[in-house]
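Would you mind keeping the following structure in view while I ask a few things?
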Amino acid sequence: MIKNVIEYFVETVKKCGDKIAVIEGEKKITFSDLDRKAQVLGDHIVNLVNDVNKPIAVFLPKTIDSVISNISITFSGNIYMNLDVKTPMERINNIISLIEPQLIITNSTYIKNVENLGLSQKILNIDTIDFDASINDNVFLLNRLSLLIDTDPYCIINTSGSTGTPKGVVLNHKSFVDFIEWSIDTFKFSNDEIIGSLSPLVFDIYSYELCMLMSKASTIVLIPESLAAFPIKILEILEKEKTTFLFWVPTIMVNIANMSLLENVKLPSLKTIWFAGEVFPTKQFNYWKNNLKECLFANLYGPIEITLDCTYFIVDRDVPDNEPLPIGFACRNTDVLILDEDRLVAKGEEGELCVRGTSLAMGYYNNPEKTALAFVQNPLNKSYPEIIYRTGDIVSVNDRDEIIFKGRKDSLIKHLGYRIELGEIEHVIVNTLKIAKNGCVVYNVNKKEITLFYEADKEISVVEFRKLLSNEIPKYMIPTVYVFMEELPRNTNGKIDRLFLKNKINQ
């Protein structure tokens, strides 16, 4: 029985020590070197934090050093929490003040940023570590880990909070092991996967990629975030490194489709493509599917409060451009409840997607009030304590028994006496009519106006918008205000920043 994900890594190093573990541009590191350096750093961490199950922050860009840091923290028996070096330092300060990590690992480039915050936390500059130094027998670190159990925390991932301070979601080893084992069984991953890693360190997708490295000796190819504006260069890296597996947020995939780039770069090694985190417009998805016919595509769904994802849909049938991609079926050992308040809805009815099972996060670190609001007693079970997570997402089940995402609970509004799902308006604009590349509809509560922020090649007249929409949706659903943007704002997770846009119009 696996109690700690580092146990995967120990076995992988024994079997695949000479294999390349991480590629960062022209730099490469083998599993043996990664293991040795992680243990050296792990020794330093233990000397500074002689405890277990304590959060340790990593303030580094996405590099081989950040991978070493994350594994070393796990070796030390503690909880890693990655911070985004591009995030304003005030926000970083808010996160550190809430989570209170015992140690912050950074490098010579960023140490001044951390020191200028005037924090009480210890700071470890990874650039000062002598990685050629002799290390304690790894039995020392493994003996520390033997004291832990599988429900101890593995990592903390910060997600946006309504107050401006992110919530630190705590995920444990057992939930990661559960998801890893399910994914390996379901998708038949080999020991030769090469992962094109595009997601930032602060994403749960990266944490899964790290687990694939440890459990299946997967090679991670670190793709610089700076290349997001040059998607052709990303594809060239995938081609050069013979990438076999992608797990991406759809944003960049939509851009690649809109620019018709897959005709220019051949990706014969690519076998499996996962996408998650936001809705992938079906038209742009079909571009990928039609150009990479040998690939297996899967749409995964799950908020950060679920260890990775709770539902999946292997796209094994044609889905028309004007229909949304299903989010599919519950992953193994996860139960999905679709509730209207405290009752299960009938098939075809809409309800809030709620989740129970091993995959649930442990809650929000140092935030019992918000934890209690989101992680609640299962209303269907009055006999014993059983926690479910209310996602706030509205779904229904179609005739194929597939779960269909409808929108956010908080995007349901009452306007002119009508119940309106703002996501439906977005779907019509982006997928059905294809007027804009991306759209975000928010409600101005004070003025009682539906406002559309849209991303397009050029500004579209209000008259044209209204004319096209009048053929698809009722008059009361047609937006009043239209705001053209060359690019919609994104939050740290790469999703459209709805809260920012909503606050913008309700100030």
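Here, each number is a calculation from the coordinates, and none is a lab measurement. Fair warning: this is a prediction, and the values are worked out from it, not measured in the lab. So basically every Cβ, Gly included, is an ideal-geometry build from the backbone, and we count neighbours across all protein chains shown.
Which of F484, L117, T243 sits farthest toward the positive end of the charge dipole of the chain, with +1 on the Cβ of Lys and Arg and -1 on the Cβ of Asp and Glu?
Value computed over the given set: F484.
Could you list I413, I92 so that the one with the fewest beta carbons within 10 Å of its beta carbon is first and the one with the most is last?
Final ranking by Cβ density, sparse to dense: I413, I92.
Would you mind ranking C331, C16, C310, C211 so that the residue whose beta carbon has the fewest other beta carbons within 10 Å leads the list?
C16, C211, C331, C310
A follow-up question, please. Kindly flag which residue pairs out of K167/K502; K406/K458; K233/K266; K62/K242 have an alpha-carbon separation exceeding 23 Å in this structure.
As for pairs spanning more than 23 Å Cα to Cα, those are K406/K458.
For region 416-505, with only Lys/Arg (+1) and Asp/Glu (-1) charged at the beta-carbon, what is the dipole magnitude about the Cα centre, in debye rounded to 20?
280
Please report the spacing between the Cα centers of region 19-97 and region 447-502 in Å, no decimals.
Answer, in whole Å: 40.
Using modelled amide H (1.01 Å from N, peptide plane; none on Pro or chain starts), what sits under 5 Å from the amide H of V249, excluding residues fewer than 5 places away?
Residues meeting the amide H criterion: A276.
Give me V462, V169 ranked fewest to most by other Cβ atoms within 10 Å of their Cβ, as a rough exposure proxy.
With the sparsest Cβ surroundings first, the list reads V462, V169.
Please go through region 296-349 and write out the trypsin sites (Lys or Arg not before Pro) that DSSP classes as loop and that have at most 11 other C-beta atoms within 10 Å.
Passing sites in region 296-349 are R317, K347.
Could you let me know the centre-to-centre spacing of region 140-205 and region 386-409, using Cα atoms, in angstrom?
24
In this model, which of K28/K86; K37/K112; K15/K174; K15/K495 are farther than 32 Å apart at the alpha-carbon?
Beyond 32 Å between Cα atoms: K15/K495.
Post the alpha-carbon centroid distance, region 240-264 to region 275-326, in whole angstrom.
Here the answer is 13 Å between Cα centres.
Here is a follow-up. Where the only charges are on Cβ atoms (+1 Lys, Arg; -1 Asp, Glu), what is the dipole of region 30-148 about its Cα centre, to the nearest 20 debye?
The calculated dipole for region 30-148 is roughly 300 debye.
Can you work out ³J(HN,Hα) from phi for every residue in region 242-248, in order, using Karplus 6.51 cos²θ - 1.76 cosθ + 1.60 and θ = phi - 60°, giving whole Hz and x for Gly and Pro?
Calculated HN-Hα couplings, in order: 6, 4, 10, 9, 10, 9, 10 Hz.
Could you tell me which GluC sites (Glu not before Pro) in region 316-397 are loop residues by DSSP with no more than 10 other beta carbons within 10 angstrom of their beta carbon?
E341
Sticking with this one: I want the antiparallel fraction of DSSP beta bridges within the chain, as a percent rounded to 5.
Close to 60 percent.
Where both partners of a DSSP beta bridge lie in region 1-113, what percent of those bridges are antiparallel, to the nearest 5?
In region 1-113, DSSP labels about 35 percent of beta bridges as antiparallel.
Let's see if you can work this out: charge +1 on each Lys and Arg Cβ, -1 on each Asp and Glu Cβ, no other charges. What is the dipole magnitude of the chain about its Cα centre, in debye to the nearest 20?
780
Of S269, I184, S197, which is farthest on the positive side of the dipole of the chain, counting Cα position, with +1 on Lys and Arg Cβ, -1 on Asp and Glu Cβ, and the Cα centre as origin?
S197
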